[in-house]
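Structure, as structure tokens:
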Amino acid sequence: MNETRFTGTESYVATPDLMMAVNAAVILGRPLLIKGEPGTGKTQLAAEIARALQRPLHEWHIKSTSKAHHGLYEYDAVSRLRDSQLGEEKVHDIRNYIVKGSLWEAFESDVQPVLLIDEIDKADIEFPNDLLRELDRMEFFVNETRELIKARHRPIILITSNNEKELPDAFLRRCFFHYIRFPDAATMEKIVRVHFPDLKAELLREALTSFFGVRETPGLRKKPSTSELLDWIKLLLAEDIPPEALRGDDPKKLIPVLHGALLKNEQDVHLFEQLVFLNRRAGR
Amino acid sequence: MLIRFFTDLRAGGVPVTLPEFLALLEALEARVAALSAEEFYYLARLAMVKDERHFDRFDRVFAQTFEGAEKLFEKLTAELPPEWLKQLTERLLSEEEKRKVEALGGWDKLIETLRQRLREQKERHEGGNKWVGTAGTSPFGNQGFNPEGVRMGQAASRHRRAVKVWDAREYRNFDDGIELGTRNLKMGLRRLRRFAREGAEEELDLDGTIDATARNAGLLDIKLQPERRNAVKLLLLLDVGGSMDPHIKVCEELFSAARAEFKHLEYFYFHNFPYERVWKDNRRRASVVTDTWSLLRTFNPDYRVVFVGDATMSPYEIEQPGGSVEHWNEESGRVWMTRFTRHFPRLVWLNPETEDRWEWTPSVAITRELVGGRMFPLTLDGLDRAMRELRQRGGQTGGLHSPHADSPDHPVDVS
């Protein structure tokens, strides 16, 4: 039982509540719905779980045109029809024209797999409802071959959502739900350490201070997230910026160096400049 | 004990159902959680709360049930002295979390700031001025899920409405926040729906296939076609400032309804009358402007153009070069407007002034003439007429057709 406990990996810092969520989902075989601010590592989580527990990973990325049955299978009637016209041999077996989806593949896996259903809110409103039975019983029926496909091992299903659409209650009832909170300073420090083990303590401290400073700016359209912080630090390292350059008390400099990695639209940059300017005046 | 927790949760407004409760029991039986209060808390939340908006309600009920503070919850919904709150949260929070709160300036200050923030938020919302739309995030955004979640809960009961708005801000797309009351406008805009086949070909075209197969002497020839989607493209040009101030609300509503209704919506602002430049961001209209020529080049004639403005100004602002109240325009507004009507066959002007006042203002008459009589009042009926006008294929000038005009799949109206 021990190896099924997920405790984070060397490249992924998991908070206790996240570990609990993952472990409960693994043990009870229920889908785990993950929400959270963009850039908090929702999608990455599935890959990390698969790696930590040494399970195969199946990914199903949802687009606005995705339909539930795409994940199960698709019957390619058109090419069968064409083949029949050309007198191909394989036309006699309908199985040749059934294309398996990622859910089917996950169901067939020999060991318990991890299945990621990424950004489920991108699809049509009805999409989650069409998956209810499949997620509940972990089985589905292939009409064309009259086969019942049952999962050999209940996959560990991770579903991510960006809150673009409300998910139906019936669907939510079947899932466990976890909200990845934006990491606090201490967790953030751990996360940065994991990615940049050689980072100097001083630079890290200054970078985090200015990062949380930027995040606290009221009215930002897009708050910088963990992934943006990591990009930024990478840039700082690449440019070899000394920690002193990040300190806010330099009067000549209004906003942090290389802010382009943190603030992603010009309104935000502008707003931030204005606020810093006002603060400075007020501070005098 | 647990069953009472379950019923309390329901009473406390967390929409938890029996299967979810059973899932929790199952998880407990499977020994997912070690025997610690914290793990139990995480597990219960995981199994029974399906929306981060309910986290603080859950926290409150959890505290009430498991800290033995009977009936505290009911009082929470009434007026609540801060000491109680402090008491409650001190009981709920771990030492480490308390230190964190202390670092943020202590409870009293936090609560005070939060209340103030909430009040502000409410006022701003009710005022409905534009700025809220773009700046609707609050520095307190995350607090609801912090260890201090309780604090949010408390405030939620005191300012229920305001917090609801706040929640919605935090987790929905807040740009179109004034959508309430725009339903009628949307219904009006809906008239403009046109479904067309565009994009990737992924649907079987039955007629085409039969036809092609027949031509192929019976050898199957599959034809595909793109799915039908609402393909109307709308270009909205809004007058801002000056005489338009009394009409801001209705314009916002129109804008918000249009945002929801059309996938291809572009908008620009102008002041009084369109000249050689328009802009997208009113705060920065001095620096970031769009050249009207490039606008005319960018958007092809199958865009439908809706001007929104009261067209109330001095006639010189239309007729004379340099007549603009804001800057020196080389060419008169009349010239620019003519360019618009030539380029976009489907164009209307919506006027928020009531129709009976139009004749009293010469500039309205001129504008009306310039747009070929296609000026409509910004009322439901006027909108209806305007959309009818926009639906006509060629528009009044009739010259330019969309590139697809001759193909069999040209937009078909199905409304």
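Residues that are of a type in the set (Val, Ile, Thr) and outside any strand (DSSP E or B) within the range A:1-53 comprise A:4, A:7, A:13, A:15, A:22, A:26, A:27, A:40, A:43, A:49, listed in sequence order. Can you find a residue in the range A:85-98 that is over 27 Å from residue B:210 (Cα atoms) and of a type in the set (A, V, I, L, M, F, W, C)? There is no residue in the range A:85-98 that is over 27 Å from residue B:210 (Cα atoms) and of a type in the set (A, V, I, L, M, F, W, C).
State whether one or more residues within the range A:179-193 are more than 14 Å from chain B (Cβ to nearest Cβ), more than 26 Å from residue B:55 (Cα to Cα) and not in a helix (DSSP H, G or I). No, the range A:179-193 contains no residue that is more than 14 Å from chain B (Cβ to nearest Cβ), more than 26 Å from residue B:55 (Cα to Cα) and not in a helix (DSSP H, G or I). Of B:23, B:11, all but one fail to be within 13 Å of chain A (Cβ to nearest Cβ), modelled with pLDDT of 75 or more and either under 14 Å from residue A:30 (Cβ atoms) or surrounded by fewer than 16 Cβ atoms within 10 Å (Cβ to Cβ) (or both); the exception is B:23. If you go through the range A:81-114 and pick out every residue that is within 14 Å of chain B (Cβ to nearest Cβ) and farther than 30 Å from residue A:61 by Cα, you end up with 7.
If the condition is being surrounded by fewer than 16 Cβ atoms within 10 Å (Cβ to Cβ) and in a helix (DSSP H, G or I), then the range A:95-107 contributes A:95, A:96.
Can you pull out every residue in the range A:23-36 that is farther than 19 Å from residue A:151 by Cβ and more than 9 Å from chain B (Cβ to nearest Cβ)? Passing the criteria: only A:34. The test for being touching a Cys at 6+ places or on another chain (Cβ under 9 Å) and buried (at least 17 other Cβ atoms within 10 Å of the Cβ) holds for residue B:352.
When residue B:328 is tested against (1) over 19 Å from residue B:238 (Cα atoms); (2) crowded, with 19+ Cβ neighbours inside 10 Å; (3) among the hydrophobic types (A, V, I, L, M, F, W, C), only condition (2) is not met. What residue, among those in the range B:49-58 that are of a type outside the set (Phe, Trp, Tyr), within 13 Å of another protein chain (Cβ to nearest Cβ) and outside any loop (DSSP other than H, G, I, E, B), is farthest from the chain's Cα centre (by Cα)? Looking at the filtered set, the residue picked out is B:56. Among the residues of the range B:26-48 satisfying the criterion of being surrounded by 20 or more Cβ atoms within 10 Å (Cβ to Cβ) and in a loop (DSSP other than H, G, I, E, B), which is nearest to the other protein chains (Cβ to nearest Cβ)? Here the residue is B:32.
Among the residues of the range A:145-188, those that are of a type in the set (Val, Ile, Thr) and touching a strand residue (DSSP E or B) at 6+ places or on another chain (Cβ under 8 Å) comprise A:145, A:149, A:156, A:157, A:159, A:160, A:180.
Of the residues making up the range B:259-291, those that are under 30 Å from residue B:360 (Cα atoms) and away from chain A (no Cβ under 14 Å) are B:267, B:268, B:269, B:270, B:271, B:272, B:273, B:274, B:275, B:276, B:277, B:278. Being crowded, with 19+ Cβ neighbours inside 10 Å, at pLDDT 90 or above, within 14 Å of chain B (Cβ to nearest Cβ) and part of a strand (DSSP E or B) holds for only one residue in A:159, A:117, and it is A:159.
Of all residues in the range A:78-89, those that are in a helix (DSSP H, G or I) and surrounded by 12 or more Cβ atoms within 10 Å (Cβ to Cβ) total 8.
Scanning the range A:185-205 finds no residues that are among the basic types (Lys, Arg), in contact with an Asp or Glu (Cβ under 9 Å, 6 or more places away or on another chain) and touching a residue at least 60 places away in the same chain (Cβ under 8 Å).
The values are calculated or read from the model by the stated rules, or taken from the named source; none is laboratory data. All values derive from a computational prediction rather than experimental measurement. Cβ sites come from the backbone with ideal geometry, for glycine too, and all protein chains shown count toward neighbours.
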